[in-house]
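Scroll down for the structure; my scribbles are underneath it.
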Amino acid sequence: MARPMHARRPATLASLAAELGVSRTTVSNAYNRPDQLSPELRRRVLETARRLGYPGPDPVARSLRTRKAGAVGLLLTENLSYAFRDPAALGFLEGLALACEGAGQGLHLVPVNPEREDVTAVHSAGVDGFVVYSVPDDDPHLAAVLSRPVPTVVCDQPRVDGVDLVGIDDHAAIGQLAGRLIGLGHRNIGVVCMRLARDRNDGFASVARQRTAHFHVQRARLSALADSFEAVGVDWARVPVVERFDHSTASGQSASAQLLDANPEVTALICTSDILALGALNEAQRRGLRIPHDLTVTGFDGIAEAERLGLTTIRQPVLEKGRAAGKLLLGAAEHSRPRHITLDTELVIGTTSAPPRTTEERWFGP
């Protein structure tokens, strides 16, 4: 008859300390504060732990004891894949990760579906603070973050009283771009923009919707364009603005097609992101339009692919945004007043912008 198998009970911090003839604090320091031990003593503790099967301090118990999770939470109101698919978001994520690495902190992504209101992920996240990346001012996940007693930093949007903010001057940045197009002679323009609110609207956006947008970055960019073109006699109410909920090149292409089908006289497409502008370039190519002779296309962000294609755009320091947001959050305990950091942008004049075609020139559309 086979003898019953008895699994050896895993070693504990107390049994490991007894085996070594040291205090439990010494064992704990070998994992959490190695500078407090000599290299030889730490090596002996770790080797004995491996021999006895001690897995190391319980991180859950440690966080309960210290009331520190050792991680920064990034609230991203997009599906998780967006953080690794969108170049601007990826650059921001890299910058934030660098700030966390420098402080010995982990990074916990808290992605949520933009079309759902379940805030469970926010309430259950074991983090010491949050960085909120570009959400609308009425987002329920933002409200859930602000209800927790941990420091918070917002990147881009929204502006919240008493909360640290990292961003750029969107109004001034795109105003530079508008000035460039106005100087070239463009008056018949169209705009392709990112989502303006939490409700899905894949179509033309009225002036009222533009002015009440809950994403204040898009609101600021549209407002600056309106101010600039109205100053030279363009009736903004007659400027076609097409909105897309999903941020992708496919969305940029379909929005551009919708706009050009309804407004074939347009000589310039202003896109509020490079991703949308890349889609606009695809649509122009599909129609056989010459860029920039037949159609000027501009973007916003300054991503690598836009630079490769020579897109006229606004370059913003997305990596530095992430790094600055992380540093603000990790140093929040040292400051009692909210801080705002506004980073510089740069107008990049590429090969996709030129004076508008003359009325005498034939336009070869689809």
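The values are calculated or read from the model by the stated rules, or taken from the named source; none is laboratory data. Everything numeric in this text was worked out from a predicted model, so none of it was measured. Heads up, the Cβs are rebuilt from the backbone with ideal geometry, glycines too, and the neighbour counts pull from every protein chain shown. For accessibility, only protein heavy atoms count, side chains too; no ligands or nucleic acids. Shrake-Rupley method; radii C 1.70, N 1.55, O 1.52, S 1.80 Å.
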task: Could you run the Karplus curve 6.51 cos²θ - 1.76 cosθ + 1.60 with θ = phi - 60° over region 220-228 and give me ³J(HN,Hα) per residue in whole Hz, x for Gly and Pro?
output: 5, 5, 5, 5, 5, 4, 4, 4, 5
- request: Step through the residues of region 279-285 one at a time and calculate ³J(HN,Hα) from phi using the Karplus curve (6.51 cos²θ - 1.76 cosθ + 1.60, θ = phi - 60°), rounding each to whole Hz and writing x for Gly and Pro.
  value: x, 4, 5, 4, 5, 4, 5
- prompt: Rounded to the nearest whole Å², what accessible area per residue is found for region 237-363 with the 1.4 Å probe?
  reply: 44
query: What part of the accessible area of region 192-272, given as a whole %, is carbon or sulfur when the probe is 1.4 angstrom?
result: 49
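Ordered by packing density, taken as the mean number of other Cβ atoms within 10 Å over each peptide's residues, highest first, how do 195-207, 281-293 rank?
281-293, 195-207
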Relative contact order (%) - region 214-296, alpha-carbon pairs under 8 angstrom, separation at least six: 26
Amide H within-cut-off set for residue 131, under 5 Å, with H built and near neighbours excluded: 73, 74, 75, 153
message: Quick check: the distance between the Cα centres of region 103-120 and region 153-189, to the nearest angstrom?
response: 26
message: For region 97-217, what does the accessible surface come to per residue with a 1.4 Å probe? Please give it in Å².
response: 41
task: Return the long-range amide H neighbours of residue 70 (sequence gap of 5 or more, or a different chain), with a cut-off of under 5 Å between placed amide H atoms.
output: 128
statement: With +1 on the Cβ of every Lys and Arg and -1 on the Cβ of every Asp and Glu, the dipole magnitude of the chain about its Cα centre, in debye rounded to the nearest 20, is 1780
query: Sequence-distant or interchain residues sharing an amide H contact under 5 Å with residue 312, placed H: which?
result: 299, 350, 351, 352, 353
- line: Of the candidate values (i) 1.15; (ii) 0.96; (iii) 1.02, the one computed for Rg/Rh (Cα atoms, Kirkwood Rh) from this structure is (i)
task: Compare the Cα positions of 83, 257, 18 along the charge dipole of the chain (+1 at Cβ of Lys, Arg; -1 at Cβ of Asp, Glu; about the Cα centre) and return the one farthest towards the positive end.
output: 18
- prompt: On a 0 to 90 degree scale, rounded to 10, what angle separates helix 39-52 from the longest Cα axis of the chain?
  reply: 80
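Under the definition of Cα pairs under 8 Å and six or more residues apart, what whole-number percent is the relative contact order of region 233-366?
Computed value for region 233-366: 24 percent relative contact order.
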field: Charge context of residue 101, other residues only, Cβ under 15 angstrom, K/R +1, D/E -1
entry: +1
field: Shape category assigned to region 181-264 from the gyration tensor of Cα positions, a/c cut at 1.5
entry: oblate
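Using alpha-carbon pairs under 8 Å, 6+ residues apart, how would you state the relative contact order of region 86-186 in percent?
17
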